[in-house]
Amino acid sequence: MNKPSSRSAPIDGKAAAALIEPLTELVARAGAAILAVDRSAMQVHGKIDGSPVTQADLVADRILADGLEELAPGIEALSEERTRLTEPPYDNSFFLIDPLDGTREFVAGRSEFTVNLALVTGGMPLLGIIAAPALGLIWRGIVGHGAQRLAPGSKRAEPIRTRPFPPKGRPWIAAVSRSHGDPTTDAFIAAREGAMREVLGSSLKFAKLAEGAIDIYPRLAPTHEWDIAAGCAIVAAAGGKVTDAAGGELQFGSRATDFVVPAFIAWGDPRGC
C-alpha cells in the first residue's frame, strides 16, 4: 500500500461522478466474493480490539484494494483491515473502505452485512456505496448529485430520498444496532415520545435512512470512520445529514489514533440537527 500523499489533487463531484459506475461494479464484485465463502467451514479470528475477522473480510479487502489501484491509482485507500499501513492525516482525497461491515451478522448466518466504500475529499465523505450482497441491493450517492438504489449488475437505478420530520401523530422511527446497543443512545431515542426502534445490522441503518424508511439513526457511542463514511455520503446525497452529538460536522482522515468517531446522529431531515 502506498503512503498517503498531500500531492494528489482533491476529487470534486464531477470527477466522482465519472467513477461511480466502475466503483459500483467493484463493490458488487467484492460482495459476490463474500457470498462465495462457506460460512460453515471458515475460520473466525479475533483482532486486537476484540472484533472478528474472517476469510470473507480478507477476500473482499483484496478485491477492493486491487480494484482501486487499477481504477484510481493516484488516490490513497484506507481499509479497516490495513490500518497498520496508514500514516494520517489524509489531506486531500482518499478512499475509505470497510470490506465486510457486520462481520458478527455474517458469522451468525444473517443477511445484514455490507460492503462499504467511500471517497472522502477535504475531510468529508463525497461519494458512498453500500452493497448488501445477501439482500441483492446496492445504495450509492454523491453529495450534490443525488442518491440511488439498484440491484448488483443492473443499469436501472431508482432515485431515493430521505423523508421529512414525522407529521403529528406519527411516531419517530429510529434505527438501532443489533450488536452494539448503548444506554446513551437508548435515552436519546426514548426522549422522542412514542419513538419506535428498527433493529438492523451493519450500515443498512444508513441505507434505510437514505431511502426514507426511517427517520433517524443515532449512535452516541464510539465507532470507526470506515463504518460510517459511505453511509454519511449516501445520506447527505439523499437529502439528510450526519453530525456529531452536538450537531457539528464530522471530519474524516485527520485523526492520528484509531480513526475513532466518538458519536454521531444521522438525520433524515437536516432541520433536526
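The values are calculated or read from the model by the stated rules, or taken from the named source; none is laboratory data. Here the structure is a predicted model, which means the values were calculated and not measured. Cβ coordinates were reconstructed from backbone atoms using ideal geometry, including for glycine residues, and neighbour counts include every protein chain displayed.
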Are any residues in segment 142-157 aliphatic (A, V, I, L, M) and within 18 Å of the chain's Cα centre (by Cα), and if so, which ones? I142, V143, A147, L150, A151
Please return the ranges of strands (runs of 3 or more DSSP E) entirely within segment 1-90 where 3 or more residues are modelled with pLDDT of 90 or more. 76-79
Being without any contact (Cβ under 8 Å) to a residue 12 or more places away in the chain and either over 25 Å from F94 (Cα atoms) or assigned by TED's automatic domain parsing to the domain that holds G122 (or both) is the filter here; which residues of segment 243-273 pass it? A246
Looking at E80, is it in contact (Cβ under 8 Å) with a residue 12 or more places away in the chain, in the same structural domain as L23 (by TED's automatic domain parsing) and either farther than 23 Å from F252 by Cβ or surrounded by fewer than 19 Cβ atoms within 10 Å (Cβ to Cβ) (or both)? no
Looking at segment 228-242, I want the residues that are surrounded by fewer than 24 Cβ atoms within 10 Å (Cβ to Cβ) and have a partner that is not hydrophobic (A, V, I, L, M, F, W, C) with Cβ atoms under 6 Å, at least 6 apart or on another chain. Which pairs are those? G239/R161; G239/T162; K241/P270
Scope segment 202-213; condition over 13 Å from A131 (Cα atoms) and touching a helix residue (DSSP H, G or I) at 6+ places or on another chain (Cβ under 8 Å); matching residues: L209, A210
Residue list for segment 159-173, restricted to those being of a type in the set (A, V, I, L, M, F, W, C) and farther than 11 Å from G194 by Cβ: I160, F165
From the list G141, G128, G109, G102, exactly one residue is surrounded by fewer than 18 Cβ atoms within 10 Å (Cβ to Cβ) and either among the small types (G, A, S) or not assigned by TED's automatic domain parsing to the domain that holds Q55 (or both). Which is it? G109
Within segment 218-241, work out how many residues are in contact with an Asp or Glu (Cβ under 9 Å, 6 or more places away or on another chain), farther than 20 Å from E81 by Cα and in a strand (DSSP E or B). 2
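Residue by residue, here is whether (1) at pLDDT 95 or above; (2) hydroxyl-bearing (S, T, Y); (3) under 23 Å from D258 (Cα atoms) holds:
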position	(1), (2), (3)
R149	yes, no, no
R163	yes, no, no
I173	yes, no, no
G201	no, no, yes
R219	yes, no, yes
A230	yes, no, yes
A236	yes, no, no
Output yes when any residue across segment 232-249 is among the polar types (S, T, N, Q), over 21 Å from G144 (Cα atoms) and out of contact with any His (no Cβ under 7 Å at 6 or more places or on another chain), and no when none is. no
